[in-house]
Amino acid sequence: MGIWDGNRYVIKQKVLTIGRKYYIEDGSGKRIGFCKQKMFKLKEDIRIYTGEDMKEELLTIKQEQILDFSGTFVVKDTRTGEKVGYVGRKGLKSIFRDTWKLFDSERNEIGTVEEEGGIVAVLRRLVDWMKFVPKKYHFNHDGKEFALAKQKFQLIGDTWTLEIFPDCKVDNRLIVTAALMMDIVEQQRGG
């Protein structure tokens, strides 16, 4: 079984570092990826490696345009050269409740990711201490949920548990990347 064939992943933000760094673990707690966000970039260019030594690259996540309020990112498998798909933030919809779209390599929409919470989601953006209330993101397509991302309560750093349901048809690499990007973008907004 390959590292992207699991049904559970954990994304942990490394704390007390310069710049944002994340670890990706599989369901057994084995570290399978490391991500370091480059600082002061006009366009995001994020890479996921097998480890902190950054010798072997797994995935690249690149923002398509510099001034893109919505933010669309192309995800590529570095080992195979395959374009995995796209992750796009719905700019205006995300003002009050984060909403993302997932697209396959041909740009066909294959999923929506929505923040749970209604009024709580709005309050997170208006009341400073509400950012500590853990979030949940539901991944669905055609009304059927295929994955769930849950944030763990922590005062410093973020930890996300990502559960991918057995009948999911979306590539796990795209789902993990979407969860990672949601946290990175939220951190940039001050969340």
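Throughout, read-outs are computed from the coordinates displayed, never taken from laboratory work. Keep in mind that what you see is a predicted model, and the values were worked out from it rather than measured. No Cβ is skipped: glycine too gets one built from the backbone with ideal geometry, and neighbour counts run over all protein chains shown.
Listing for the model above:
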item	result
Residue order, fewest to most surrounding Cβ atoms within 10 angstrom, among Val74, Val15, Val176	Val15, Val74, Val176
Violating pairs (Cα-Cα greater than 27 angstrom) within the set Lys21/Lys136; Lys30/Lys90; Lys36/Lys144; Lys30/Lys144; Lys83/Lys135	Lys30/Lys90; Lys36/Lys144; Lys30/Lys144; Lys83/Lys135
Order of Val84, Val185 under a 10 Å beta carbon neighbour criterion, fewest first	Val185, Val84
